[in-house]
1. Taking the convex hull of the Cα atoms, report for segment 1-94 its projected area averaged over all directions, in nm².
2. If packing is taken as the mean number of other Cβ atoms within 10 Å per residue, what is the order of 176-187, 10-21, 96-107, highest first?
3. Using DSSP to define loop residues, name the chymotrypsin sites (Phe, Trp or Tyr not before Pro) in segment 78-179 whose beta-carbon has at most 16 other beta-carbon atoms within 10 Å.
4. Summing -39500 (n - 2.57) over the DSSP H runs of n ≥ 4 in the chain and dividing by its residue number, what mean residue ellipticity at 222 nm do you reach, to the nearest 500 deg cm²/dmol?
5. Multiply the residue gap between Leu3 and Thr133 by 0.36 nm, knock off their C-alpha separation, and tell me the result in nm, one decimal place.
6. Helix 126-159 against the longest principal axis of the chain: what's the angle in degrees, Cα atoms only, rounded to the nearest 10?
7. Report the FRET efficiency, 1/(1 + (r/R0)^6), for His70 and Ala187, where r is their Cβ-Cβ distance and R0 is 30 Å, rounded to 0.05.
8. To the nearest Å, what is the center-to-center distance of segment 169-191 and segment 63-131, using C-alpha atoms only?
Amino acid sequence: MALKDVLIDELRDMYSAENQLVKALPKLAKGAKNATLRELFSAHFEETKGQVLRLKEVFTVFGEKPTGEHCNGMEGVIEEGADALEKDEEGASFDAGLIGAALRTEHYEIAGYNAAIAMASTLGMKDVVDLLTQNLNEELSAADKITAAADPILKESAEEPEEAPKKPKTAKEKTSAAKSREDEKKAAVSSKK
């Protein structure tokens, strides 16, 4: 497979990721309790729509359709965000969970854009590099803004009283806890080899 084909696959993955975020970001904005966090999610929703348009522009350079790949990685990261929205945490602790999910999302996108930019640069596709760099810069800025907003939220969360550890209640929580124990066992076996 030629590097150009690998790049197109990577771009289709990013296109899928961004489209999934267009659907997910309004839910995060609606669920956030902190006004600054709500505003950041809403603003990044608008940026993300622009990123989708830029990716479509990149595909016109290739003469290819942007669809064809589903980004399973982003689907998983968004699932973690949905899980954070379902937690029964109160106050700043609730938003702290959303911050973790949002930063994982941003860093996933940053990694994808860095890889795609490196490939396009190697292929000498300056116009593609320029479009992707605009998206990357927005992702980096979003991560910085979330990190800055996190500081007072995390400090407030640290002041909230600790609760007794909860046992998983829902089937989803029980499944997740079982998978976590299974991951730990597999890692222990792998490290012995």
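1. 6.6 nm²
2. Numbers: 176-187: 10.4, 10-21: 22.2, 96-107: 20.3.
Listed from highest to lowest mean packing, they are 10-21, 96-107, 176-187.
3. Here no chymotrypsin sites (Phe, Trp or Tyr not before Pro) fit, given the DSSP loop and packing criteria.
4. Values: 6 runs with 160 residues, N = 193.
Calculated from helices alone, the mean residue ellipticity at 222 nm is -29500 deg cm²/dmol.
5. Contour length minus the Cα-Cα distance gives 44.9 nm.
6. For helix 126-159, the angle is close to 10 degrees.
7. Computed FRET efficiency for His70 and Ala187 comes out at 0.60.
8. First find each Cα centre; the distance between them is then 24 Å.
Any read-out appearing in this document is the output of simple, stated calculations on the displayed coordinates, not a laboratory observation. Computed from a predicted model, the values in this text were never measured in an experiment. No Cβ is skipped: glycine too gets one built from the backbone with ideal geometry, and neighbour counts run over all protein chains shown.
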